[in-house]
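Peer 1: I'd like to ask you about the structure that follows.
The values are calculated or read from the model by the stated rules, or taken from the named source; none is laboratory data. Just so it is clear, the model here is predicted, and its values are computed rather than measured. Heads up, the Cβs are rebuilt from the backbone with ideal geometry, glycines too, and the neighbour counts pull from every protein chain shown.
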Amino acid sequence: MDGNIFTLQDFMYFTKAITYLVIVAALIAFPAFWLFLTDRDE
Amino acid sequence: MSDTKTTTGGTLFTPFNMVAGLILLVGGIVTVLRFTGGLAAVTNLSDNNPWGLWIGFDLLVGVALAAGGYVTSAACYIFGLKRFHSAVRPAILTAFLGYALVVFALHYDVGRPWRLPYPFIVQPGTTSLLFEVGACVALYLTVLFIEYTPAPLEWLGFKRARNIVVKLTLVLTIFGVVLSTLHQSSLGALYVIAPSKLHPLWYSSYLPVYFFISSIIAGLSMVVFEGSLSHKNFHDKMDETHLKEADGVVLGFGKAAAWVLFGYFIIKLVGLAVDNNWHHLASGWGLWFLVEMLGFVLLPCYLYAVGSRDKNIKLIRRTSLLAVLGIVLNRFNVSMVAFNYHLPSSERYFPHWMEIAISLFIVTIGVLAFRFFVTRMPILYEHPDYKDAH
């Protein structure tokens, strides 16, 4: 993908797309990690 | 040989005292050289590297590791987690000594230390980040001093003054959190003005956020780490309440640290994504970055989480050391290792042995001062006159 970045628009489009994917993964990972952290609490 | 005995009957010539004495002696000699011969006499600092170990370690690491003060007092007094109350005084003392030594260390690092108050009285320079850091550190050191005073006031028997200061606890805690939020992040913001000098993997416009979030990790880990050292060395100074609450503090702080480390890892990923720095990961610098991220962020995060789940106090205490080392590594990477990364190796900075000696000298003063206060004042125990007074 890096080879196809010519303009600021290309850069923002690409980096924002990846950032959104990271955030979606984080939104799934946070509750999973919280459950891992707390599931043995009384 | 009576002159070699302390008042408690122990000998002065313990291995710890001898090593500490040697460090103080060398530090004293280097101090004379620094203030008579100038920075060039004892440092490898240059125009390319005007900030070295004394900023990277004494200031950046010192401030981060002193974050336990605001983290613990906020948990106890703002979030109402009173079960952490016994951890507040040691954390405040550690923070107060940490900040006092940061200011002490700055006298070595700045060319003309007598001008340290100038930003306040001669040239305000209110648009400067350094002014903001200086103002916050000065104010927060004052706040920490007042927060710490109930212990010496109880020790000296000044009940009235002690009761007045205790009434200010909540206000001081709020001040502490506000000031810490400001200057912990501003220390990271100092490097935002150097995009061409700092390696892209460490450079980010989110550096202020990274520094602030990682200071919370440093504070939580430092309280656990300092607590484990205190348990080893000052067990006899701890009262029943302190001993009873100690495991809860370790478990609670371990769990909080795991959670914050996980969040920190995610925002570091976001930083990589926003700046499109993925390709740098496949380089030597990338490998070093991964060592920091996986070995000193994700690994302590996992170990803290496992320790909290299994109620494994020993694992959490050991992990706190790993997390503290991770903070040291991060601050070293930002301020020294990945800074000026593009320069030839002959132009790169490596600290002079006398710079390392002064940093050791300052840490030793901190440890000795901590020992002095803890063995005399009600830090790890409640003063009999004020039991259940809070």
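Peer 1: Can you confirm whether B:Trp202 is modelled with pLDDT of 95 or more, crowded, with 18+ Cβ neighbours inside 10 Å and out of contact with any helix residue (DSSP H, G or I) (no Cβ under 6 Å at 6 or more places or on another chain)?
Peer 2: No.
Peer 1: Further, regarding this structure: Would you confirm whether any residue within the range B:142-150 is buried (at least 21 other Cβ atoms within 10 Å of the Cβ) and among the acidic types (Asp, Glu)?
Peer 2: There is at least one residue in the range B:142-150 that is buried (at least 21 other Cβ atoms within 10 Å of the Cβ) and among the acidic types (Asp, Glu).
Peer 1: Which of (1) closer than 25 Å to B:Asn312 by Cβ; (2) within 25 Å of the chain's Cα centre (by Cα) does B:Trp288 not meet, given it meets every other one?
Peer 2: (1)
A quick yes/no check of all residues on (1) of a type in the set (A, V, I, L, M); (2) in contact with a helix residue (DSSP H, G or I) (Cβ under 9 Å, 6 or more places away or on another chain); (3) more than 28 Å from B:Pro150 (Cβ to Cβ):
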| residue | (1), (2), (3) |
| --- | --- |
| B:Arg89 | no, yes, no |
| B:Leu97 | yes, yes, no |
| B:His107 | no, yes, yes |
| B:Val122 | yes, yes, yes |
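Peer 1: B:Val209 is checked against (1) within 17 Å of B:Phe96 (Cβ to Cβ); (2) out of contact with any Phe, Trp or Tyr (no Cβ under 9 Å at 6 or more places or on another chain) and fails just one. What number does that condition carry?
Peer 2: Among (1) within 17 Å of B:Phe96 (Cβ to Cβ); (2) out of contact with any Phe, Trp or Tyr (no Cβ under 9 Å at 6 or more places or on another chain), B:Val209 violates only (1).
Peer 1: Looking only at the range B:251-269, how many residues end up being among the β-branched types (Val, Ile, Thr) and either more than 18 Å from the chain's Cα centre (by Cα) or farther than 15 Å from B:Ser221 by Cα (or both)?
Peer 2: 2
Peer 1: Same structure again: Take the residues of the range B:237-280 that are small (Gly, Ala, Ser) and closer than 16 Å to B:Ser204 by Cβ: which is farthest from the other protein chains (Cβ to nearest Cβ)?
Peer 2: The extreme case among them is B:Gly271.
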